[in-house]
1. At q = 0.33 Å⁻¹, what is the base-10 log of I(q)/I(0) for the stretch A:13-53 according to the Debye formula with one equal point scatterer per Cα and no solvent? Please give it to two decimals.
2. Given a cut-off of 27 Å, name the pairs among B:Lys52/B:Lys171; A:Lys4/B:Lys160; B:Lys126/B:Lys160; A:Lys197/B:Lys52; A:Lys4/B:Lys171; A:Lys197/B:Lys56 whose C-alpha atoms lie farther apart than that in the structure shown.
3. Taking a label point 7 Å from the Cα of B:Ile156 along the Cα→Cβ vector, which residues of the stretch B:128-144 have an amide N closer than 15 Å to it?
4. Under a point spin-label approximation (7 Å from Cα along Cα-to-Cβ), what is the A:Leu206-B:Ala142 distance to one decimal in nm?
5. Where nothing but the Cβ of Lys and Arg (+1) and of Asp and Glu (-1) is charged, how large is the charge dipole of the stretch A:1-80 around its Cα centre, in debye to the nearest 20?
6. Taking neighbour counts of Cβ atoms within 10 Å as a proxy for exposure, in what order, fewest first, do B:His76, B:His40 appear?
7. Using 7 Å Cα-to-Cβ label points, what is the B:Tyr113/A:Ser23 separation (nm, one decimal)?
Amino acid sequence: MNCKQFIGQLDDYVDGSLPPEESRAVEIHSAGCDDCNQALNAHRELLAALRGMPAPAMRPGFAAQALLGAARRRRSYGFAAGFGTAVAAGLAIWLVVGGLLPATKPAGDGDISKVVLRLDQESTVNIAFFAPKQFEHARLSILLPENLEIPSLPGQREIAWDVTLQEGANVVPLPLRAIKHASGHIVASIESGNQKKVFEVQVQVLSGEQSRIGPGPRPVV
Amino acid sequence: MKIGLFSRFKSAAQPSFEELLAPHVEQLYRLAFRYCGTQHDAEDLVQDLLVKLYPKHQELLLLDKLGPWLVRSLYHLYIDAYRRQRRSPLEYGMDESLEVSADLDRPDYQLEYTELQREIQAALDKMSEEHRILLIMHDIEAYSLPELEGILEVPIGTLKSRLHRGRNRLKDLLKKGTINEGQALFIMQGAR
């Protein structure tokens, strides 16, 4: 066995998948070649470090919470995860901003809910879509009125991305900042195949102390 | 009353969803953490898997080997849904928002890595998903190639060559001297 052959068999050797006679050949070569012996030790060191990579223990109570939550929640992983949110974090944000909730239930096109925001204040508006069944490969588009912007995407009024629409509630946590004292509509559309549904959320921007939602908070579970 | 009795009988005869899945949640979480890199996203991924599985309780009861099936389901969920959704144009904006509610006691902030493991983690983050996942499952989580053949639905021969390339890529990404002098020898001898 030469050095090139040794290197070629190193993975199989350390993984224990070489036949005995080939393993023996690797060991004989390693014993007589300082370079390859060092390479073998380095390889073992790397694999040992990989095997020992730390991972956190589960948060106490998470398993029970997740299992019980599975029975209750009909939430949309796709939408929420699209924004990098966890279940708990998403709910926390929801609560922190005072329960802004323009629930747009697809009872029919033109279904309108109302959001009232305060000028220059950032808020997360959770838009919930309710789907009667799962739609894969759907396209979600959101068009903002000129009095709103997404803080991370200033100046961009239209965003669109691919989603999987789950049966039940699908939540889009939309971070918004009111930049003009005016009214307008957020227009959200879902397109899947040749089907398309358009929803509108009326937005009013006030300079007063409070912002609130028209119909009141609605749990998305 | 009859319903109550029937429910207890049914419970004794068949494990509930919670009873069936509870023994597997920790392993699923651990894998999800490996995939996602944070406790927060790992919890999200596991929660979503459970939400999806809940309506399939009866089907799960029929599986011979639930553990590997769950691992495969988690993997597909991560690949098919999570990664695609992460391309949302709002991702970064929401991440900034989440920092406000982040739990500073999150375990992933407190993990004790050796210097080499920090370098490895940084290198893994730069690797292709194909290689990264395989190294995570084989070299970190110790799944065997036959197990991974079933989980990843890739032939063993392909997995072996992919593992070999993945390890070489990892070595390439690690800084010179991180492992020890032998690392340079890998590169030199591999070129012979």
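Taken together, the values in this text are just the output of simple stated rules run on the coordinates, not laboratory data. Owing to the predicted nature of the structure, the values given are computational and were not obtained by experimental measurement. We place every Cβ from the backbone using ideal geometry, glycine too, and count neighbours over all the protein chains shown.
1. Normalising to I(0) and taking log10 leaves -1.05.
2. Numbers: B:Lys52/B:Lys171 38 Å; A:Lys4/B:Lys160 18 Å; B:Lys126/B:Lys160 21 Å; A:Lys197/B:Lys52 25 Å; A:Lys4/B:Lys171 17 Å; A:Lys197/B:Lys56 29 Å.
With Cα atoms farther than 27 Å apart: B:Lys52/B:Lys171; A:Lys197/B:Lys56.
3. From the stretch B:128-144, the list is B:143-144.
4. Here the modelled spin labels are 6.1 nm apart.
5. Numbers: 9 positive and 9 negative charges, 254 e Å.
Once rounded to the nearest 20, the dipole reads 1220 debye.
6. On the way: B:His76 14, B:His40 24.
Ordered from fewest to most neighbouring Cβ atoms within 10 Å, B:His76, B:His40 come out as B:His76, B:His40.
7. It works out to 3.3 nm between the two label points.
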